[in-house]
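The structure under discussion appears below in the form of structure tokens.
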Amino acid sequence: MEWFAGIGRHSLGKLAAIGRALFVLTGALVAKPSLKHVPLTIKQIYVVGVQSLAIIIVSGAFIGMVLALQAYTVLVDYGAEESLGPMVALSLLRELGPVVTALLFAGRAGSALTAEIGLMKATEQLTSLEMMAVDPLRRIIAPRLWAGIISMPLLALIFSAIGILGGQAVGVDWLGVDAGSYWSVMQAAVDFDDDVMNGVIKSVVFAFVVTWIAVFKGYDSIPTSEGISQATTQTVVYASLAVLGLDFILTALMFGTH
Amino acid sequence: MQDLVRIENMSFSRGERPIYHNISLSIPQGKTTAIMGPSGIGKTTLLKLIGGQLRPQEGDILYKNESIPKMKRGRLFEVRQQMSMLFQSGALFTDMTVFENVAFPLREHTKLSESLIRAVVLMKLQSVGLRGAAQMMPSELSGGMARRAALARAIALDPELIMYDEPFAGQDPISMGVIVKLIKELNDAMNLTSVVVTHDVAEVMSIADYVYILADKRVIGEGTPEQIRDHDSELVQQFLCGQADGPVPFHYPAKSLEQDFLGSR
């Protein structure tokens, strides 16, 4: 019986957390947008977006290179190495670009957002905003949420572009695939709506979910060093799992019937 | 004397733990009211209740005869522009300079030009003696300076009510003297209503017009500082004189020594 009650308590706790997360989301998004907050969003785009560029570029380059190397070793057996371009491009645009960017974003920017907001809570900065009649959901949460939603799709596109260049460096410059076929077959095979835009849509969904989890975990954290550490870990774990789960659902919806 | 804040038969619990049971007190306009009591009895909670950050389970909290717990969020934010709170930690925004911190409420709630904001901020900083530290970051300030900077921010919008949460905690004697002087001077110069929550008896008794002592979920003593000094309650006297043992026992409730030491044999 105690076991059964435990399940009930746990479920109620989870439901309450979902309620609080929805409260944070609506408070941040539904509020009347203010021109005063545009510079705050731009600053956050710099913090979460521009400052994530280095890790995105380096990871994109290496993943593109590894992808080209692996694909080449298979394709060359079938004499189909001219398909290397579309192989690299489609893998990056449809899957790896949005997914790996979201995972890296969760680890780099998501955890930082959670820790920052959690520390603001622990040092009473959020409470002092409330007491100054400034809504922290609008002043602190909303600019960070929008910055994540705007930044991550752009980072994913940069990741894919750099990956394609990395694939060219390995496939064309090192392994000797013809540059013309690498680019022209890619151009013929990649569809803007089906491949590029679907990747962007995935990325927007991941951006929304990862940033929402990050800001909520910070806002809802227990304001102690242990609580913030726990919230930061949860952000990375929950965001990564959410990205991988959502990726399967979105892939099934976008490409499952082809 | 009109009361700016009135707490009427208020009860408040955190989960299962009762903090206040049926307490009533009032904060007269233009005066300094001290709220004292042992650590952990919920003095900061009381300020949060007055500020509308927490809602009582029973009773009412009136600000200018308007119920704070019943206010809609928009109205509560309007009322909060007339209130201010000095947090124990200062709660300065760590990514802004002292100047930007003090300018923050002005930029959020007024349409003043930047030159006017600069003038107001420098005046507020001058009043707390930190005009020279305007461009410093909060991490560069000492504890006392941070509290003074937070005080400048708290008075930026010329509030009617200012609530001080443990303003003297952790301060050296000079900083403490500065803060006592500032609270007194600001109260007189700006005709503020001040609520000082503290357990530093000597400092607060020197500036308070009226004192409440809270313990055991209720008000155990109230009056002017003179009346409080002569109060006949043992608990009040134990608190004022800092006696280790008394109605508040030195020992946390436990089994008898014999039971603890010999019981397991």
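The values are calculated or read from the model by the stated rules, or taken from the named source; none is laboratory data. Keep in mind that this is a model prediction, so the values were computed, not measured. For neighbour counting, all protein chains shown are included, and Cβ atoms are generated from backbone atoms with ideal geometry for every residue, glycine included. For the accessible areas, the whole protein counts, side chains as well, though only heavy atoms, and no ligand, DNA or RNA atoms are used. Shrake-Rupley method; radii C 1.70, N 1.55, O 1.52, S 1.80 Å.
Step through the table entries B:48/B:181; A:36/B:70; B:48/B:217, compare each Cα-Cα distance with 20 Å, and write down the pairs that go over it. Flagged as over cut-off: B:48/B:181; A:36/B:70. For region B:176-265, the fraction of C-alpha pairs farther apart than 19 angstrom is 54 percent. Averaged over its residues, chain A has an accessible area of 47 Å² per residue, based on protein heavy atoms and a 1.4 Å probe.
Based on the Stokes-Einstein relation at 4 °C and a viscosity of 1.567 mPa s, and on the Kirkwood radius from alpha carbon pairs, the protein assembly as shown is assigned a translational diffusion coefficient of 48 µm²/s. Think of the protein assembly as shown as having a plus end and a minus end, set by charges on the Cβ of Lys, Arg, Asp and Glu; of A:24, B:20, B:227, B:227 sits farthest toward the positive end of this dipole. About the centre of its Cα atoms, region A:130-258 shows a dipole size close to 420 debye [charges on the beta carbon of Lys, Arg (+1) and Asp, Glu (-1) only; nearest 20 debye].
When the surface is traced with a 1.4 Å probe over the full set of protein chains, residue A:43 keeps roughly 90 Å² accessible. Applying 1/(1 + (r/R0)^6) with R0 = 35 Å to the Cβ-Cβ distance of residue A:74 and residue A:53 gives a FRET efficiency near 0.65. When the charge dipole of region A:36-253 is built from unit charges on Cβ atoms (+1 for Lys and Arg, -1 for Asp and Glu) and taken about the Cα centre, the candidate among A:64, A:165, A:137 whose Cα reaches farthest toward its positive end is A:137. Here each label is just a point 7 Å from Cα along the line to Cβ, and for residue B:245 and residue A:1 those points are 4.6 nm apart. The modelled label-to-label distance for the pair residue A:9/residue B:206, using points 7 Å beyond Cα in the direction of Cβ, is 5.0 nm. Counted by Cβ distance under 9 Å from residue B:24, the other residues give a net charge of 0, where Lys and Arg count +1 and Asp and Glu count -1.
Could you check how many percent of all C-alpha pairs in region A:36-253 are farther apart than 21 Å? Roughly 57 percent, rounded to a whole number. Within the shell of other residues whose beta carbon sits under 13 angstrom from the beta carbon of residue B:183, the net charge comes to -2, with Lys and Arg scored +1 and Asp and Glu -1.
The spread of Cα positions in chain B, taken along each principal axis and listed from longest to shortest, comes to 75, 40, 40 Å.
Within chain A, helices built from complete DSSP H runs that reach 20 Å or longer along their own axis (Cα positions) and carry a mean Kyte-Doolittle hydropathy of 0.0 or higher are A:2-29, A:53-75, A:142-168, A:198-219, A:225-255.
Here each label is just a point 7 Å from Cα along the line to Cβ, and for residue A:253 and residue B:53 those points are 4.0 nm apart. For region B:114-265, a Kirkwood radius taken over Cα pairs fed into Stokes-Einstein (37 °C, viscosity 0.692 mPa s) yields D = 179 µm²/s.
Positive-end ranking of A:148, A:230, A:123 along the dipole of region A:119-258, with charges on Cβ about the Cα centre, is headed by A:123. Nearest 0.05, what FRET efficiency do residue A:193 and residue B:2 give at R0 = 60 Å with Cβ-Cβ as r? Efficiency, rounded to the nearest 0.05: 0.30.
Entry comment: accessible area of chain B is 48 Å² per residue, from protein heavy atoms only and a probe of 1.4 Å.
Take each residue of peptide B:97-109, count the partner chain Cβ atoms within 10 Å of its Cβ, and average: the result is 2. Each Lys and Arg contributes +1 and each Asp and Glu -1, all at the Cβ; summed about the Cα centre of region A:36-253, the dipole is approximately 960 debye.
Take the accessible area of B alone and of A alone, subtract that of the pair with a 1.4 Å probe, and the total buried over both chains is about 1900 Å². The apolar share of the surface of the protein assembly as shown, taken as the fraction of accessible area on carbon and sulfur atoms (1.4 Å probe, ligands and nucleic acids excluded), comes to 61 percent.
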